Amino acid sequence: MRKYIVAGNWKMNTTVPEGVELAKAVVAAAKELPANVELVVAPPFTHLYPVAEALKGSKVKLSAQNCADHEKGAYTGEVAVNMLTSVGCEYTILGHSERRQYYGETDEKLVVKTKLALEAGLKVILCVGENLDEREAGKHFDVVTAQTKAVLYNFTAEDLKKVVIAYEPVWAIGTGKTATAAQAEEIHACIRSVIAEKFGLEAADDMTILYGGSCKPSNAKELFAEKDIDGGLIGGAALKAEDFLGIAKSF
């Protein structure tokens, strides 16, 4: 049975004390959620250890926002997968549109990062999605299909059990624009068909696919009602526990 996930990507926001307080507020509110909805928080690297302490004994899972493409070594400023697992991370986000756009992350690099993460026992939230020019040119299906295949077709159906896909319409992130439920659903269905093509219907049906484009309490219920949308990768709304939990309660 497919898992429902609401993951909060804090990006480069909050100080460490603010992050710990936010984590504690999420833990307190998470007790009201049904058992089949998993909450994940992804604070900045500096926050991971104290936030992990704040999450202890709760059902809320800890994620990093990225990882290095090397196991260890002279890579100043990078954070290795074993460092993430050592502080209690269960997930890492990879391939976020901001990493692709601002830091030149390629599909080839994401294959390496995904491999290292899975080998270290981390689950991966892999982001895919088109920008505004690609959407307006009618290339959104092609872009998302290519990104999904370029990374995940290098792995096995068994590996995919530890992967979550997040669809990000890049044109709807931080802009206040939101894909309609129908627009989001058709891309989610496309992603599921791409998984089915390589790994079979069972693997595709088991795959959790999240929506990651300006999801908030006011539109979450409509989005999550679609049959192929299994939750959200939340940005701005994840910085307020009330909004974050409001989205999770939309199931």
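The values are calculated or read from the model by the stated rules, or taken from the named source; none is laboratory data. These numbers were taken from a predicted model, which means no experiment stands behind them. Backbone-built Cβ (ideal geometry, glycine too); neighbour counts: all protein chains shown.
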Filtered residues of the range 189-216 (kept if at pLDDT below 95 and either basic (K, R) or at negative phi (or both)): G212, G213, C215, K216
Between a residue in the range 122-150 that is over 26 Å from V40 (Cβ atoms) and aliphatic (A, V, I, L, M) and any residue that is outside any loop (DSSP other than H, G, I, E, B) and modelled with pLDDT under 95, which pairs come within a Cβ distance under 8 Å, given they are 6 or more apart or on different chains? L132/V170; L132/W171
Evaluate the range 82-99: report whether one residue or more is more than 13 Å from A42 (Cα to Cα) and free of Cβ contacts under 8 Å to residues at least 12 places away in the same chain. yes
Name the single residue, out of those in the range 115-125 being within 27 Å of A179 (Cα to Cα) and buried (at least 24 other Cβ atoms within 10 Å of the Cβ), that is farthest from the chain's Cα centre (by Cα). V124
Tell me the helices (runs of 4 or more DSSP H) entirely within the range 75-124 that contain at least 2 residues that are within 21 Å of K3 (Cβ to Cβ) and touching a strand residue (DSSP E or B) at 6+ places or on another chain (Cβ under 9 Å). 107-119
Going by what's in this entry, would V41 be described as within 26 Å of Y211 (Cβ to Cβ), part of a strand (DSSP E or B), of a type in the set (A, V, I, L, M) and in contact (Cβ under 8 Å) with a residue 24 or more places away in the chain? yes
Keeping to the range 133-191, report how many residues are surrounded by 18 or more Cβ atoms within 10 Å (Cβ to Cβ) and acidic (D, E). 3
The one condition in (1) over 18 Å from the mean Cα position of the chain (by Cα); (2) among the aliphatic types (A, V, I, L, M); (3) more than 20 Å from A241 (Cβ to Cβ) that V81 fails to fulfil: (1)
Do you know which residues across the range 157-177 are over 17 Å from the mean Cα position of the chain (by Cα) and of a type in the set (V, I, T)? T175
Just to verify a result, which residue in the range 1-49, among those that are among the charged types (D, E, K, R) and over 24 Å from A225 (Cβ atoms), is surrounded by the fewest Cβ atoms within 10 Å (Cβ to Cβ)? K31
Would you mind telling me which numbered condition in (1) part of a helix (DSSP H, G or I); (2) under 25 Å from A241 (Cα atoms) V151 fails? (2)
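Are any of the residues in the range 223-243 surrounded by fewer than 17 Cβ atoms within 10 Å (Cβ to Cβ), touching a helix residue (DSSP H, G or I) at 6+ places or on another chain (Cβ under 9 Å) and closer than 27 Å to M12 by Cβ?
Yes - at least one qualifying residue is present in the range 223-243.
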